[in-house]
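What follows is a single structure, written as structure tokens, with notes after it.
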Amino acid sequence: MLLRHSPTSPYVRKVMVLLHETGLLDQIAVETIDGWSEPEVLLEENPLSMVPTLVLDDGQTLFDSRVICEYLDRRHVGRPMLPPTGDMHWYVLRDQALADGILDCAVLIFVEQQKRPEAQRWDWWLELKRRAIERSLDSLEQDIEALLERVDLGAIAIAVAIGYLDLRGAAGDWRETRPALATWYAGFSQRPSMIATAPPV
Ligand SMILES: N[C@@H](CCC(=O)N[C@@H](CS)C(=O)NCC(=O)O)C(=O)O
């Protein structure tokens, strides 16, 4: 299998952390590509021209990160990163949706600030997305008990999302008002899977 990869993409990082945690890393070749420049090879595999894209051994492709993570999670023998049944199945998916939603907001802010000409930036839009991130972090702080001791797809996605907020400075000094979340994140960040996949500064 071949994973189309970008070292700064948090969606790619989620897949990479899962590969580390499940011991699947040596089954995957990784190739860095820039989705934003619509490279021909990626367009043939994914009309959205986005990373991560996973090319299977039979030439079929899978995207996006949620689909890739679920596919990979069924290919190892250890404890599943997405519990197959029960309440936790839905809670883990919900947590991943929250984390990906935070990422979607942070990427939109990044694009608005870094790619759009300054005169065309839309403050209302930026503030709307910032508030969504703030509320999401508040809810994680409030429900921190539900996150403790977990290493699953939901916890991975949340840690990766927070890592991306830090990388882009998209949530300022969020730790000041969310001490419990900060402590949880500090601990989770020490996992070898998180250290090995940390984006270049
Ligand atoms: N929902 C997608 C999002 C993937 C995504 O936004 N990838 C970005 C890199 S962080 C990308 O490839 N952007 C290229 C583009 O939008 O043209 C997933 O979970 O995989």
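Structure data summary
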| read-out | value |
| --- | --- |
| Residue tally, condition open to solvent by less than 40 Å² (accessible area, probe 1.4 Å) and closer than 15 Å to Val160 by Cβ, over the range 176-194 | 7 |
| Failed item in (1) open to solvent by 50 Å² or more (accessible area, probe 1.4 Å); (2) modelled with pLDDT of 95 or more; (3) out of contact with any His (no Cβ under 9 Å at 6 or more places or on another chain), with Arg168 passing the rest | (2) |
| Selection within the range 66-122 - open to solvent by 50 Å² or more (accessible area, probe 1.4 Å) and among the polar types (S, T, N, Q) | Thr85, Gln113, Gln114, Gln120 |
| Set Arg74, Arg79: member being within 17 Å of His20 (Cα to Cα), more than 11 Å from the ligand (Cβ to nearest atom), touching a Pro at 6+ places or on another chain (Cβ under 9 Å) and not hydrophobic (A, V, I, L, M, F, W, C) | Arg74 |
| Restricting the range 24-41 to residues that are under 18 Å from the mean Cα position of the chain (by Cα), within 12 Å of the ligand (Cβ to nearest atom) and open to solvent by less than 70 Å² (accessible area, probe 1.4 Å), the residue that is modelled with the lowest pLDDT | Gly35 |
| Residue within the range 55-64 that is more than 9 Å from the ligand (Cβ to nearest atom) and on the phi > 0 side of the Ramachandran plot present | yes |
| Within the range 136-165, tally of residues that are charged (D, E, K, R), closer than 13 Å to Val92 by Cα and surrounded by fewer than 19 Cβ atoms within 10 Å (Cβ to Cβ) | 1 |
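The values are calculated or read from the model by the stated rules, or taken from the named source; none is laboratory data. Keep in mind that what you see is a predicted model, and the values were worked out from it rather than measured. Positions of Cβ are backbone-derived with ideal geometry, glycine not excepted, and every protein chain shown enters the neighbour counts. Protein only, heavy atoms only, side chains kept; ligands, DNA and RNA dropped before computing areas. Shrake-Rupley method; radii C 1.70, N 1.55, O 1.52, S 1.80 Å.
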